[in-house]
Amino acid sequence: MTALTPSTIRIGYRYRANRLAEKYDALVIGSGIGGLTTAALLSEQGWKVCVLEQHYTAGGYTHSFDRNGYEWDVGVHYIGEMGAPTRSRKMFDFLSEGKLEWAPMDSEYDRFYIGDKTFSAHAGKQEFQDNLLRQFPGEGEAIKAYMGLLNQVSKAMPMFAMSRLLRPWQRRLMGPYLRARIPELLFRTTYDVLSEITDDQDLIAVLTGQWGDMGLPPRQSSFLVHALIARHYLYGGFYPIGGSWKIAESIIPRIKRAGGEVFTYALVKRIVVEEGKVSGVEMADGHVIECPCVISSAGVHNTFEHLLDTDVTHQSGYESKLPSVKPSISHLGVYIGLKATAEELGLPRTNFWIYSDSDYDGAVERFLKEPDAPFPAVYISFPSAKDPDYLNRRPGTATIEIVAPAPYEWFEKWKGTAWGKRGDDYEAFKAELGERLMEFLYEKLPQLRGRVDYYEVSTPLSTEYFCSYGRGELYGIDHEPARFRQDWLGPRTRIRGLWLTGQDVLTCGVTGAMMAGVLTTTAIVGMRRMGKLMKRIGGS
């Protein structure tokens, strides 16, 4: 097979005003999985939907890019629940019309290096428990209690999600019922909940070893999102065969078949609101696309601080709401290419999580105060090893990705500079950070030293530039307990015709944003019509 060229990863149709249809039933801002899911589900209801993506390719954090003969994903490192007919798998099968295929990772899907100790997570509910018992033989009761807590959160989530659909008067009416069905532990910190079942700090560190998947260490994160992530991966991790760009590519045909389109290079300047209701969007080229239904997948801060006029945000009451939530942490990425295959290099289909010690919160605090302190978390992924189709596209090569937290403040002085033209001091700072992170890779896989052909470093400014997140955040708004008590965070807004979707509506991650798309579509078309569609999807 011919090696992939850059143009083949550019999913979507380049925006031009003269390429627009005369009329659309809905406009979606942003082509991340939340926006694409909403657009696809509305298309199935007979709506003609126009998705507007400012990047050169569709997919949001599910897009891929290539450089120097290598290909990397930017946000899809692994996804759970794809090995059985789960709700998430059925939704992906429906959206992609069965074209999206998944490859399992190794049984040991996550490996945790905590100081000088090594632990692991194994696929399968019983295998997961048995492996924990082997590592912590005296903690049987705590491990059993932990599994029970995960089940408790899982049972409560449908009701929590439904509460996001309620109008204010319905929420007030159903308040006592919701409080009885949604346990308080969802709104406590992860560490508080776990410290009640065990005193073993190493066990707590292992149970929370995936905290990088939400961006908050255990003393700050909501147990709700911790439990969802942990349960999501109980049966292992999976990777989309052909690369993460296949996700968007497989969903777009459903949107186009209903008369819609996914446009790239389509920068929305503002959402137009007249007399308290949406009338369309104004594009960066000055063209106005008229439509009474606009769905923002751009995040709540982008939507209410940048896409709406200040007076609209103020009059609708969101100006006072936004300080109650804050952007999640930003990150560094290192994208590595090697002139040998994953098999030749001994690369695993296991993720590495590397921590300086078990006090995750303390490590983050020290790092934020002092840039020279050890990175509090370093994640290493091996996408070419995970994807059985990779060598068909990139023969004789392998790729690795490293992700680590980095505060936006480190890079703020270069804000507003052009990508690729930020100056020698910026490039030198990037290079220094990249070299520090590469040492983590060489420490764990010393056979790679001297074998790296190419690598590049991305910073929060790259995320800001390509994904339009104002502070380079990876997970939208922070997943601390207070965030999940914000009743205004849901698909409905106080502005008629404006809706929200994506990870700020429910939770972070690909499946979290996808399920937000389900919620948003339900809010727009109603429970009855959406219920019929969900029955079809569930039976597929």
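So here's what we get for this one:
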quantity	calculated
Qualifying residue in the stretch 441-462 (condition: over 20 Å from Y70 (Cα atoms) and among the small types (G, A, S))	no
Residue count for the stretch 357-396, restricted to those that are closer than 30 Å to Y70 by Cα and either in contact with a Pro (Cβ under 6 Å, 6 or more places away or on another chain) or not basic (K, R) (or both)	20
Checklist (1) buried (at least 20 other Cβ atoms within 10 Å of the Cβ); (2) within 22 Å of S462 (Cα to Cα) applied to A428, failing item	(1)
Test set (1) at pLDDT 95 or above; (2) surrounded by fewer than 21 Cβ atoms within 10 Å (Cβ to Cβ) - T501 fails condition number	(2)
Search result, residues across the stretch 366-382 that are touching a residue at least 60 places away in the same chain (Cβ under 8 Å) and out of contact with any Asp or Glu (no Cβ under 6 Å at 6 or more places or on another chain)	F375, P376, A377, V378, Y379, I380
Some residue of the stretch 168-184 being within 29 Å of G75 (Cβ to Cβ) and of a type in the set (D, E, K, R)	no
From D130, D110, D192, residue being in contact (Cβ under 8 Å) with a residue 12 or more places away in the chain, under 21 Å from A227 (Cβ atoms), among the charged types (D, E, K, R) and surrounded by fewer than 18 Cβ atoms within 10 Å (Cβ to Cβ)	D192
Any chance V525 is farther than 30 Å from W410 by Cβ, of a type in the set (A, V, I, L, M, F, W, C), crowded, with 20+ Cβ neighbours inside 10 Å and in contact (Cβ under 8 Å) with a residue 24 or more places away in the chain	no
Where E282 falls short, out of the listed (1) in contact with a Ser or Thr (Cβ under 8 Å, 6 or more places away or on another chain); (2) not in a helix (DSSP H, G or I)	(1)
From the options V268, V272, residue that is assigned by TED's automatic domain parsing to the domain that holds D73 and surrounded by fewer than 23 Cβ atoms within 10 Å (Cβ to Cβ)	V272
Selection within the stretch 40-76 - in contact with a Leu (Cβ under 8 Å, 6 or more places away or on another chain), assigned to a loop (DSSP other than H, G, I, E, B) and farther than 30 Å from G337 by Cα	Q45
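The values are calculated or read from the model by the stated rules, or taken from the named source; none is laboratory data. Just so it is clear, the model here is predicted, and its values are computed rather than measured. As a convention, Cβ positions derive from the backbone with ideal geometry for all residues, glycine included, and neighbour counts pool all protein chains shown.
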